[in-house]
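This report refers to the structure that appears directly beneath it.
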């Protein structure tokens, strides 16, 4: 089975929409990579995320907003011969999205972004507590570049 490039926009977006989490990659001020799993929301070529007011990822994003986000789904371990290690492989579909994090500061804009994040996980509508909205960091990433791969599909 060969790896293939995913270059149809609808297929790329479908992978993103079906994921329940992603991995956010950043580069710290010392040039070291930093990758963490994140919940997210996605709408109209924008990825939305949220987190605490302070911490390592917030410090990194404020100094260097460039990010790469990995989405991966449809994982299936398979083999041709159970006794031969080299015949084992993993089927998958994955997408890498590149962009820059932009913090959202206005309460109404934060709530709209949080609605998009919640829509990734539930069809319910939610209310937001004003102190919680004030205390959360919310950011968006406009996708500047996107690429995908599939193996076994």
(message) Here are a few candidate values for semi-axes √(5λ) of the Cα gyration tensor in Å: (1) 32, 18, 14; (2) 23, 19, 13; (3) 36, 18, 15. Which one was actually calculated from the structure I just gave you?
(response) (1)
(request) Could you work out the relative contact order of the chain, using alpha carbon pairs under 8 angstrom and six or more residues apart, expressed as a whole percent? (result) 33
(message) Taking the 0 to 90 degree range and rounding to the nearest ten, how far is the long axis of helix 9-18 tilted relative to the main principal axis of the chain, both from C-alpha atoms?
(response) 70
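Using Cα pairs closer than 8 Å and at least 6 residues apart in sequence, work out the relative contact order for the range 66-153, in percent.
That works out to 38 percent.
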(message) Compute the helix-to-body angle for 107-119: its Cα long axis versus the longest principal axis of the chain, expressed 0 to 90° and rounded to tens.
(response) 30
(message) Only Cα pairs within less than 10 Å get springs; with that Gaussian network setup on the chain, which residue of 59, 87, 72 has the largest fluctuation?
(response) 87
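Once a ≥ b ≥ c are taken as the square roots of the eigenvalues of the Cα gyration tensor of the range 11-62, is the result rounded (a/c under 1.5), prolate (a/b larger than b/c) or oblate (a/b not larger than b/c)? Let's see the in-between values first.
Values: a/c = 2.49, a/b = 1.89, b/c = 1.32.
Prolate, because a/c is 1.5 or more and a/b exceeds b/c.
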(request) For the chain, with a Gaussian network of springs between Cα atoms less than 10 Å apart, report the residue from 31, 41, 99 with the top mean-square fluctuation. (result) 31
(request) Pick out which of 81, 64, 32 has the largest mean-square fluctuation in a Gaussian network model of the chain, springs linking Cα atoms closer than 10 Å. (result) 81
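Each reported figure results from applying straightforward, stated rules to the coordinates on display, with no laboratory input. It should be emphasised that the depicted structure is a prediction, and the values quoted were computed from it without experimental measurement.
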